[in-house]
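Visitor: The structure follows.
The values are calculated or read from the model by the stated rules, or taken from the named source; none is laboratory data. Predicted, not measured: the structure shown is a model, and the values here were computed from it. All Cβ positions, even for glycine, are placed from backbone atoms using ideal geometry, and neighbour counts span all protein chains on display. These area figures cover heavy atoms from the full protein model, side chains too; ligands, DNA and RNA do not enter into them. Shrake-Rupley method; radii C 1.70, N 1.55, O 1.52, S 1.80 Å.
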Amino acid sequence: MRWCACALVLASACSPLSRLVVSQPVGERYSVRSDGLIDADIGRVQAAIEHASEGLARWGGLPQPVTVYVVNTHEELERAVHRRGYDWLRAWASYDEVILQAPSSWRAGDETLDQLVLHELTHCLLFQRSGTRETWAGKQVPLWFREGMAIANAGQQRQYPTLEDTAQWLSRHPERDVFADGEALSRDFPAEVYAFSLHAWRFHEDRFGLERLQPVLEQMRAGESFAHAFGAALGLPLENFQRDFLVFLKLRAFRSIGRPPLRPDTKLLPLRAPPGD
Ligand SMILES: [Zn+2]
């Protein structure tokens, strides 16, 4: 499985990271740490960080410096983030740290690596803009919001199932509630859960625009919970948004998106009386 994603880290970094003592700066905002034995990977990661600046600028840039740890293998990544069985996982982000599996170990192309690094740094940006080093982990930003934001900002849409696929998956499993149980479901259904998150994000980005989403982060940083910040900034209770998106999926309302409206001079044929009358 090649879907690359990450998740919220709540445990402190431990042993696999402690031996990454070689630190290389990237500009003034970043440092890349490794064991010094994977130079080719480090050069590619440094380039990907530089390429991420435009995407991060859409959200005002990263307020705080970030350290990117590059571990050599997937096993080291899982040990560093205290998770087992996440074969699809390639990176992990927290407030000011990213842990990245060396791209050569999963044969990542340059575009894929650029997108993954921007994805992870978008997570850091979200955490930094919605909280402080002390409060970010307690904000409980739901998976659909943080993954949808990161996937969309990183341009990774093509890696995930479509709206139609997502609607079909949900209609086959109506008991699955990604809004409420995204974290638990993501382990076994990462593609479906991340696709749902992307499409939910796009649904509300299309509705409100990026300029109205920035205040959601600002309200959280000022102390509000995610649900309250969402409702206050957008003038729409979170549960109403969630209901609207599920109806949008269920009714396949996305099928009408992109159809041109009728031209004003279109002549509509009159309805004919039924034959036999
Ligand atoms: Zn992610």
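Visitor: For the chain, what is the accessible area per residue in Å² when the probe is 1.4 Å?
Guide: Computed with neighbouring chains in place, this is 50 Å² per residue.
Visitor: Hey, if we sort Glu76, Glu111, Glu224 by accessible area with the 1.4 Å probe, largest down, what's the order?
Guide: Glu111, Glu224, Glu76
Visitor: Using a/c under 1.5 as the rounded threshold, could you call region 1-134 rounded, prolate or oblate? The axes a ≥ b ≥ c are square roots of the C-alpha gyration tensor eigenvalues, and prolate needs a/b larger than b/c, oblate otherwise.
Guide: The shape class here is rounded.
Visitor: Ok, one more. Tell me, what % of the accessible area of region 1-134 is carbon and sulfur with a 1.4 angstrom probe?
Guide: Answer for region 1-134 is 49 percent, counting heavy atoms of protein chains only.
Visitor: Here's something else I'd like to know. Measure nothing fancy, just the Cα-based angle from helix 190-208's long axis to the longest principal axis of the chain, in degrees from 0 to 90, nearest 10.
Guide: Orientation of helix 190-208: about 60 degrees from the principal axis.
Visitor: Report relative contact order for the chain in percent, whole number only (criteria: Cα-Cα under 8 Å, sequence separation at least 6).
Guide: 16
Visitor: Let me ask you something else. With springs only between Cα atoms under 10 Å apart, run a GNM on the chain and tell me which of Arg187, Arg29, Arg172 wobbles the most.
Guide: Top of the fluctuation ranking is Arg172.
Visitor: Here is a follow-up. Residue-wise, which Karplus ³J(HN,Hα) couplings in Hz belong to region 101-113, taking 6.51 cos²θ - 1.76 cosθ + 1.60, θ = phi - 60°, and x for glycine or proline?
Guide: Each residue of region 101-113 in turn: 6, 3, x, 5, 6, 10, 6, 6, x, 5, 5, 4, 5 Hz.
Visitor: Moving to a separate point now. With unit charges on the beta carbon (Lys/Arg positive, Asp/Glu negative), name the residue among Pro65, Ser53, Val98 whose Cα is farthest towards the positive pole of the charge dipole of region 45-113.
Guide: Most positive-ward Cα: Val98.
Visitor: Let me ask another. Could you grab the Rg to Rh ratio for region 140-256? Cα atoms only, Kirkwood for Rh.
Guide: With Rh from the inverse mean 1/r over Cα pairs, Rg/Rh is 0.95.
Visitor: What is the dipole size for region 1-134, taken about its Cα centre, with +1 at each Lys and Arg Cβ and -1 at each Asp and Glu Cβ, in debye to the nearest 20?
Guide: Value, rounded to 20: 300 debye.
Visitor: Continuing with the same structure: Which percent of the accessible area of region 140-256 is formed by carbon and sulfur heavy atoms (probe 1.4 angstrom)?
Guide: C and S atoms contribute 49 percent here.
Visitor: Follow-up. If I take every Cα pair under 8 Å that is 6 or more residues apart in region 28-113, average their sequence separation and divide by the length, what percent do I get for the relative contact order?
Guide: With pairs under 8 Å counted, the relative contact order is 33 percent.
Visitor: Here's another thing I want to ask about it. Let me check against my output: what whole-number percent is the relative contact order of region 140-256, with C-alpha pairs under 8 Å and at least 6 apart?
Guide: Relative contact order for region 140-256 comes out at 32 percent.
Visitor: Now a separate question. If the label point is 7 Å along Cα→Cβ of Ser23, which residues in region 92-109 have backbone nitrogen under 15 Å from it?
Guide: Label zone hits: 96-98.
Visitor: Roll a 1.4 Å probe over the protein heavy atoms and report the accessible area of Asp110 in Å², nearest 10.
Guide: 110
Visitor: What value, in deg cm²/dmol to 500, does the helix sum -39500 (n - 2.57) over DSSP H runs of n ≥ 4 give at 222 nm once divided by the residues of the chain?
Guide: Calculated at 222 nm, the ellipticity per residue is -15000 deg cm²/dmol.
Visitor: Using bins 5 angstrom wide from zero, how does P(r) for the chain break down, in % of all Cα pairs?
Guide: 1, 5, 12, 16, 17, 15, 12, 8, 5, 3, 2, 1, 1, 1, 1, 0, 0, 0
Visitor: What does the charge dipole of the chain about its Cα centre add up to, to the nearest 20 debye, if the Cβ of each Lys and Arg holds +1 and the Cβ of each Asp and Glu holds -1?
Guide: Its charge dipole is roughly 680 debye.
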